[in-house]
1. Every residue in the stretch 223-237 that is buried (at least 20 other Cβ atoms within 10 Å of the Cβ) and farther than 24 Å from residue 139 by Cβ, please.
2. Condition test on residue 119, is it surrounded by 21 or more Cβ atoms within 10 Å (Cβ to Cβ), not basic (Lys, Arg) and not in a strand (DSSP E or B)?
3. Across the stretch 15-65, which residue is surrounded by the fewest Cβ atoms within 10 Å (Cβ to Cβ) among those that are over 23 Å from residue 271 (Cβ atoms), touching a residue at least 12 places away in the same chain (Cβ under 8 Å) and among the aliphatic types (A, V, I, L, M)?
4. Do you know which of the residues in the stretch 270-312 that are touching a Pro at 6+ places or on another chain (Cβ under 9 Å) and small (Gly, Ala, Ser) is modelled with the lowest pLDDT?
5. Quick check on residue 80: is it touching a strand residue (DSSP E or B) at 6+ places or on another chain (Cβ under 8 Å), of a type outside the set (A, V, I, L, M) and without any contact (Cβ under 8 Å) to a residue 24 or more places away in the chain?
6. Would you point out the residue of the stretch 135-185, among those that are polar (S, T, N, Q) and part of a strand (DSSP E or B), that is modelled with the lowest pLDDT?
7. Can you confirm whether the stretch 101-108 contains a residue that is in contact (Cβ under 8 Å) with a residue 24 or more places away in the chain, over 19 Å from residue 332 (Cβ atoms), β-branched (Val, Ile, Thr) and in a strand (DSSP E or B)?
8. Counting only residues that are within 19 Å of the chain's Cα centre (by Cα), give me the strands (runs of 3 or more DSSP E) lying completely in the stretch 1-92 with at least 1 of them.
Amino acid sequence: MAIAQLPESPKIHKLPLYKYVDAVRWLPPISALDRHAVIASFDSDSGSPAIEIHSISPSKTPTLASAYAPLSSRISSLKSTSFAHRPVIAASTHLGSFHIMAVDPADLSIEPVAEEELHSGGASCVDLVDGGVDCVSVGEDGRVNLVSLGEAQLKKARVFDANGLVSYTAARWASPSEFATGGYGFSLHWWDRRKPGGPVSQFKCDRVHEKASGIVHSIDIHPSRKHTCLAGGSAGTIFAWDLRRQQQPIILSGVGMGEGVTSSVSESEIWEIQYDRSISPSNVGTRMLPVMICSEDGILAVVKEGEEPVELLAEPCAINSFDIDRQNPSEVICSLEWESIAILSRPKPK
């Protein structure tokens, strides 16, 4: 595997937490000067899962500000957004429960808003609409659920139930009405809540389906290109599904993917994938926007279409999740399997 190097390496701060970190997200800013991260942690000694908020100082030192611990099991998915000038957190667990929490801007305390048992078995992924409290939740049981916080009560709707014949592993909103899901066999489904009954479009591709046992672990959709769904999964596979050319996926990386793939950034599971928002779409033209991934074999890297991947971090353990700061995309936070987090400060694009 060929890996390109950055002209200027990012500054890396590794911070031990002495507990397992299942997921990490930047919290939407409460003030212009403060930065906070929300972390899904698990204390293996006590068997206790928790959602924690850490204040991140200018020196990148985390300080625990608050924690929410009454959870049924470990967190399987974690997302955050801002609604009505308050940070909102959504989380799902391996036992199928779903949680929405609000953060008090005054003291950073975590206040439970809703808790529901939405899945029979593990809940795989949740995603929040940017700037809202509409949430999609998918699970191993084949259920696709929508949850909305109305003015008076929680509104729930089961969009689809495959009765265990299909399992969903990833979900991402494209707009307040549309979202995508991913699952086994590198499958992708496109849903429109205005058109009930099932997915309005399905991805099928011989090049990817040669690996029928592959799993989509993470998907992303860029707000400027809502017609394209990005996916990362097994065997280092990274590809994009363009709704305008549905049977011609763009393969960016993957073991044994053949012609058109410059090199495979990883040979293991791609646990998370996001568009690299530090690069403006106007600077890319019609090509695929650059993407960032983290993997089971400890790679955090940026992948560009037709170029060698750029390695940001290489660890002797898995990198389970990461998040790019929306307000300052040069700042990246990630969780390491060896009970720690890392914060990367990249040189800003010139």
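The values are calculated or read from the model by the stated rules, or taken from the named source; none is laboratory data. For clarity, every value in this text was computed on a predicted model and none was experimentally measured. Cβ sites come from the backbone with ideal geometry, for glycine too, and all protein chains shown count toward neighbours.
1. Of everything in the stretch 223-237, those that are buried (at least 20 other Cβ atoms within 10 Å of the Cβ) and farther than 24 Å from residue 139 by Cβ turn out to be 228, 236.
2. Yes.
3. So the residue we want is 64.
4. 280
5. Numbers: touching a strand residue (DSSP E or B) at 6+ places or on another chain (Cβ under 8 Å): yes; of a type outside the set (A, V, I, L, M): yes; without any contact (Cβ under 8 Å) to a residue 24 or more places away in the chain: no.
When the stated conditions are applied, residue 80 does not pass them.
6. Start the filter on the stretch 135-185 by keeping residues that are polar (S, T, N, Q), which leaves 137, 145, 148, 153, 163, 167, 169, 175, 177, 181.
With the extra rule that they be part of a strand (DSSP E or B), the set shrinks to 137, 145, 148, 169, 181.
Values: 137: 96, 145: 95, 148: 89, 169: 96, 181: 96.
Among residues in the stretch 135-185 that are polar (S, T, N, Q) and part of a strand (DSSP E or B), the one modelled with the lowest pLDDT is 148.
7. Taking the stretch 101-108 first, the residues in contact (Cβ under 8 Å) with a residue 24 or more places away in the chain are 101, 103, 105, 107-108.
Still in the running and over 19 Å from residue 332 (Cβ atoms): 101, 103, 105, 107-108.
From what is left, the residues that are β-branched (Val, Ile, Thr) are 103.
When the remaining residues are screened for being in a strand (DSSP E or B), the result is 103.
Yes; the residues of the stretch 101-108 include at least one that is in contact (Cβ under 8 Å) with a residue 24 or more places away in the chain, over 19 Å from residue 332 (Cβ atoms), β-branched (Val, Ile, Thr) and in a strand (DSSP E or B).
8. On the way: elements: 11-16, 20-26, 35-43, 48-56, 62-68, 75-83.
Hits in the stretch 1-92: 20-26, 35-43, 48-56, 75-83.
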